[in-house]
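To start, the structure itself, in structure tokens.
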Amino acid sequence: MREEARIELALESFLKTGGYGAFTDTFEDLHGLKQLPGMAVQRLMQKGYGFGAEGDWKHSALVRAMKVMAQGIDRGTSFMEDYTYHFSPDGMRCLGSHMLEICPSIAVGKPSCEIHPLGIGGKADPVRLVFDGAEGPALNASLVDMGNRFRLVVNTVRSVKPSHPLPKLPVARVLWEVMPDLKTGAAAWILAGGAHHTGFSLTVTPEYLEDFSEMAGIEMVKIDERTDLFSLKQALRWNEAAYGMKGWA
């Protein structure tokens, strides 16, 4: 834990000195670090820094932008990844998590500070904060490089309480229901080119991201309770033509 605290202090000093609002790392390239930054990254995100794992600078920047949008009213905003899916007749859900780096701003209750083995990276067992995510309306947003433009894919979800405790899952996590449903939402996400990393927020709404997209001059694709795949495919074709006419093709 002392080593993780040193990493946090060093990273924060570097970020403040450089005037940086976001950062990324990768377990494949840790140089002199004794362990992968886990709790250090979580605590820095809670302070408002953006983060993206495995060199993902796009979602590092996106998480920072979403943190700024939610400043002062934030019920929780974090870097996120689809981890696994719950297929059940009673309702299909998605479990979001990451190797270590989920922001404790989305936690319900007090996080637990734990040390567990990590099978990749070849370093010491890292410290991390473990918790369940809070319930409520939320969204996942993915920033995608389309080659000639950026596309922001936004999917509204509802964060729910796990039906059973997860004592053997040694990472922070949040369980959500995908809008309009997991089957349609997953198909729409794939069609739109959404990534496996996202920015997750219990505060930022699609309207925030629509305004952001217009200001930044990027395309936005929204997947919500009204989405049907036929209309989505049509919209993607129209968008491709529209951005082509702008000279971006």
- Query: Pick from Leu15, Leu44: which is touching an Asp or Glu at 6+ places or on another chain (Cβ under 7 Å), farther than 17 Å from Ala141 by Cβ and without any contact (Cβ under 8 Å) to a residue 60 or more places away in the chain?
  - Reply: Leu44
- Item | Only one of Glu54, Glu3, Glu12 that is closer than 26 Å to Ala124 by Cβ, surrounded by fewer than 18 Cβ atoms within 10 Å (Cβ to Cβ) and either among the polar types (S, T, N, Q) or under 16 Å from the mean Cα position of the chain (by Cα) (or both) | Glu54
- Item | Answer residue from region 15-28, given it is among the charged types (D, E, K, R) and assigned to a loop (DSSP other than H, G, I, E, B) and is surrounded by the fewest Cβ atoms within 10 Å (Cβ to Cβ) among those | Glu28
- His164 fails exactly one of the following numbered conditions: (1) farther than 29 Å from Lys34 by Cβ; (2) touching a residue at least 40 places away in the same chain (Cβ under 8 Å). What is the number of that condition? (2)
- Item | Residues (among the aliphatic types (A, V, I, L, M) and out of contact with any Phe, Trp or Tyr (no Cβ under 6 Å at 6 or more places or on another chain)) located in region 144-158 | Val144, Met146, Leu152, Val153, Val154
- Note on the structure: In region 75-88, anything crowded, with 19+ Cβ neighbours inside 10 Å and either in contact with a helix residue (DSSP H, G or I) (Cβ under 6 Å, 6 or more places away or on another chain) or farther than 18 Å from Ala107 by Cα (or both) is listed as Gly76, Thr77, Ser78, Phe79
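Taken together, the values in this text are just the output of simple stated rules run on the coordinates, not laboratory data. Please read all numbers here as calculations on a predicted model, not as lab measurements. Note that we place each Cβ from the backbone using ideal geometry, even for glycine, and neighbour counts take in every protein chain shown.
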